[in-house]
Amino acid sequence: MSYYRGSESKREQFRRYLEKAGVLDTLTNVLVALYEETEKPNNALDFLKHHLGVETADAETIRLGVSELHQKCDLLMEENKELRNRLLQYEPTPEDGAAE
């Protein structure tokens, strides 16, 4: 019986945690909005995601953009390195500048 009370206590702690974080209120509001829809959406999960602000398409677009920017950065870094090496060919070394 003590096992049941222990798990009940953990459940109560978890419930208070969710309540304190505002999760219960947010979920309740979204579910009420779904309930009050006159025409129920075909995909209730998409409705919940949309109202909770979970935009998987936007996240994927951002990931692709970040990946492209990393590639562009790598190319620019390589180009910068090559241009610096070329510039060093035309700059006088300290010994050459001091002798003249």
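Taking the Kirkwood radius as the inverse of the mean 1/r across Cα pairs, report the Rg/Rh of the range 5-48. Don't jump to the answer; show the numbers that get you there.
Details: Rg = 14.4 Å, Rh = 12.2 Å.
Ratio of gyration radius to Kirkwood radius for the range 5-48: 1.18.
Quick one: what are the phi-derived ³J(HN,Hα) couplings along the range 29-34, Karplus 6.51/-1.76/1.60 with θ = phi - 60°, whole Hz, x for glycine and proline?
Working through the residues one at a time gives 4, 5, 5, 5, 4, 5 Hz.
Please give every one of the lysines within straight-line cross-link reach of K72, meaning a C-alpha to C-alpha distance under 16 Å, and leave out same-chain neighbours fewer than 8 residues apart.
Answer for K72, where 16 Å is the Cα cut-off: K81, listed by chain and number.
Find how much the distance from E91 to R11 grows on full extension, using 0.36 nm per residue of separation minus their present alpha carbon separation; answer in nm with one decimal.
On the way: separation 80, 0.36 × 80 = 28.80 nm, distance 7.20 nm.
Here the segment from E91 to R11 would lengthen by 21.6 nm.
Laboratory data are not the source of any read-out in this text; all were calculated from the coordinates shown. Source: prediction; values computed, not measured.
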